[in-house]
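Written below as structure tokens is the structure these notes are about.
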Amino acid sequence: MFKIAVLVSGGGSNLQSIIEKSKSGELACEVACVIGDRECYGVERAAEQGIVSCILDRKVFKKELCKEIDRVVSEKGVDLIVLAGFLSIIDEEFVEKWKGKIINIHPSLLPKFGGPGMYGIKVHEAVLAAGEKESGCTVHYVDSGVDSGEVIFQVKVPVLEGDTAEVLQKRILVEEHKLLPKSISKIISER
Ligand code: GRF
């Protein structure tokens, strides 16, 4: 069975969609472990569902965080590392070791509205401030830059009259929950 590790920092709704689809058989993989870089609902969700999960506190591990993540995912023998709302920056050594085996989801049409400091609600605020007529989400491979790796899939979502950043965020999140599993499936089918 294809094994994945999911790394989270927040609510974990993308993680939830992966867990549900892997349990129903729609996604042919096993969530072998969930790692949080802080206490968060994502790690709780995983633990509630009996998935091996741990918190590697970014404030405790500091520069050693990626070494610790590497230790855990190597021990689990994972085939793919999925960043699903993971806020710590992955270092170059880790990216090099796991090249082609790390993906990330970002809530915009990259390369637009990506890069350092562009995360969470800030992305949607920037989209609205720029007067964009459409936004969306992107799943991409992780390289040594921020939000810069090869795109796997992207989906467009309209920006509607009167949208607040929160409303737009929710509309995009619905699509993220489909796009991330679809991207994982594509990678599984290519292996
Ligand atoms: C998503 O919008 C994702 O694109 C971004 O962080 C958010 C995570 O949401 N990288 P959740 O924790 O999966 O609910």
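The values are calculated or read from the model by the stated rules, or taken from the named source; none is laboratory data. Predicted model only: the values in this text are computed from it and were never measured. Glycine also receives a Cβ, built like all others from the backbone with ideal geometry; neighbour counts cover every protein chain displayed.
Within region 81-103, track down each residue that is within 7 Å of the ligand (Cβ to nearest atom) and either touching a Phe, Trp or Tyr at 6+ places or on another chain (Cβ under 9 Å) or assigned to a helix (DSSP H, G or I) (or both).
Listed by number, the list holds a single entry, Gly85.
Quick check on this structure: which one of Glu39, Glu64, Glu20 is in contact (Cβ under 8 Å) with a residue 12 or more places away in the chain and surrounded by fewer than 20 Cβ atoms within 10 Å (Cβ to Cβ)?
Glu39
Could you check how many residues of region 151-189 are among the acidic types (Asp, Glu) and part of a loop (DSSP other than H, G, I, E, B)?
Residues in region 151-189 being among the acidic types (Asp, Glu) and part of a loop (DSSP other than H, G, I, E, B): 2 in total.
If you take the residues in region 1-17 that are in contact (Cβ under 8 Å) with a residue 60 or more places away in the chain and in a loop (DSSP other than H, G, I, E, B), which one is nearest to Lys59 (Cα to Cα)?
Ser9
Here is a list: Val155, Val142. Which entry is over 19 Å from Leu80 (Cβ atoms), among the β-branched types (Val, Ile, Thr) and within 12 Å of the ligand (Cβ to nearest atom)?
Answer to the check: Val155.
Looking at Val72, Val78, can you tell me which residue is over 14 Å from Leu15 (Cβ atoms), outside any helix (DSSP H, G or I) and modelled with pLDDT of 95 or more?
Among Val72, Val78, only Val78 is over 14 Å from Leu15 (Cβ atoms), outside any helix (DSSP H, G or I) and modelled with pLDDT of 95 or more.
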